[in-house]
1. Among (1) facing another protein chain (nearest Cβ under 7 Å); (2) part of a helix (DSSP H, G or I); (3) surrounded by fewer than 23 Cβ atoms within 10 Å (Cβ to Cβ), where does residue B:81 come up short?
2. Give just the number: which of (1) at the interface with chain A (Cβ under 7 Å from one of its Cβ atoms); (2) modelled with pLDDT of 90 or more does residue B:74 not satisfy?
3. Which is at the interface with chain B (Cβ under 7 Å from one of its Cβ atoms), free of Cβ contacts under 8 Å to residues at least 60 places away in the same chain and under 30 Å from residue A:222 (Cβ atoms), of A:81, A:58, A:39, A:33?
4. Given the options B:191, B:129, name the one that is closer than 21 Å to residue A:80 by Cα and modelled with pLDDT of 90 or more.
5. Go through the range A:174-196 and report how many residues are more than 19 Å from residue B:215 (Cβ to Cβ) and part of a helix (DSSP H, G or I).
6. Which numbered condition in (1) facing chain B (nearest Cβ under 7 Å); (2) more than 20 Å from residue A:105 (Cβ to Cβ) is the only one that residue A:76 fails?
7. Select from the range B:203-220 the residues that are more than 7 Å from chain A (Cβ to nearest Cβ) and either closer than 20 Å to residue A:176 by Cα or in contact with a strand residue (DSSP E or B) (Cβ under 7 Å, 6 or more places away or on another chain) (or both) and list them in ascending order.
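The values are calculated or read from the model by the stated rules, or taken from the named source; none is laboratory data. A quick note: this is a predicted structure, and the numbers were derived from the prediction, not measured. Virtual Cβ from ideal backbone geometry, glycine too; neighbours counted across all protein chains shown.
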């Protein structure tokens, strides 16, 4: 449809992906989350005595939340590191620091690059393509926040229209949309090369094995680390298969 | 929000104050986060000297919206009953809800003996999410910001190149399996795989011009067929909706 853009065709993504302004935005994103947490903690401290919640209970809750987040946070960090070469540290930090996930962000970037006739990671992945992909994943992430901003007050009021959504539709439609999207995005990778097929297959197999073992052995850390382990194993397989 | 019948008026007043504060500041901080997160890409696009036409941005956004638009609306709807209003503003800003924030909230409630759905449980989950957010930000800053940037500088260029080229299939293989397993809907899965395969291996080779909208076609086709062929058991036997696990 579109020919890859001629001007600024440099494929040196990391040169612009590490722009100081982007680092500043990352700091802003982190700052907003910190400020929100402080405001919410203060609100809890004020309301706690009225529901028989002691300062000790608040400390225990904070510590429980922090400790239980260590495993998942490290697992997310591993996935984020794998994306650094593609998006650079500021984009990865602000996308995964704020609402986002590897699954969504990589998919959105791939779709956005596709609309420019480019593919992530190869010579068609220029600075301009990166900028459009970063824009698309960010505004897509913003849509979750906009939906939350609009829906939360409605749901609080117990809005009849929102509650009246057919439960059968709520069960089928999201599952269909997600599996359909990821199946299509995944299959699109297959015709690109044999190495793509190997990479995709190893990733899928490692995840299937992790989920199976997590279930049979009752080890939930396998579920948390599944994505990270799958990506590392698949990239290792890609390295071997591509012979570089 | 059902108060226990014996709750004194002071409890209601304190919790009403809590709801007011968290809604007002939850909204304000979320809007701030939204704007800051858009500032970076907007700067690159308009001030980065890259000569990008606005139309290219709209097309890219439309393609992403056609794929994920349904999820944007459905996800807040499915999480609201679990999280409650205050935690919604935290959860949808921090992300990784199903694999990190929900377990954190649940463990905190267990540890202080608060039942989910009660006011004490609600406060416990808000605090637990604050704790999880602190660990999340610290681990990202240290392991991705510092260690990751160092790693990028020492990794051989060949390995960097392989990562760049193949990270998309490396992510998608696992994500597809994860989506299939967590949704537990065999019928929908078969339909989705068949539709996606038909789009990628039959439609696209025949009409290459559709490459831009292929994912949107697959999503729409899967949703329509899955709805048409849904199992029509009585509601009591039907499986309850699984929360969507994208964030």
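1. (1) is the only condition that residue B:81 fails.
2. Every listed condition holds for residue B:74 apart from (2).
3. A:81
4. Of B:191, B:129, the one residue that is closer than 21 Å to residue A:80 by Cα and modelled with pLDDT of 90 or more is B:129.
5. Going through the range A:174-196 one residue at a time, the tally reaches 2.
6. Single failed check for residue A:76: (2).
7. Once the filter is applied, which keeps residues that are more than 7 Å from chain A (Cβ to nearest Cβ) and either closer than 20 Å to residue A:176 by Cα or in contact with a strand residue (DSSP E or B) (Cβ under 7 Å, 6 or more places away or on another chain) (or both), the range B:203-220 yields B:203, B:213, B:216, B:217, B:220.
The rows are residues; the columns are (1) at the interface with another protein chain (Cβ under 9 Å from one of its Cβ atoms); (2) surrounded by fewer than 21 Cβ atoms within 10 Å (Cβ to Cβ); (3) in contact with a strand residue (DSSP E or B) (Cβ under 6 Å, 6 or more places away or on another chain).
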| site | (1), (2), (3) |
| --- | --- |
| A:168 | yes, yes, no |
| A:175 | yes, no, no |
| A:182 | yes, no, no |
| A:185 | yes, no, no |
| A:191 | yes, yes, no |
| A:217 | no, yes, no |
| A:234 | yes, no, no |
| A:237 | yes, no, no |
| A:240 | no, yes, no |
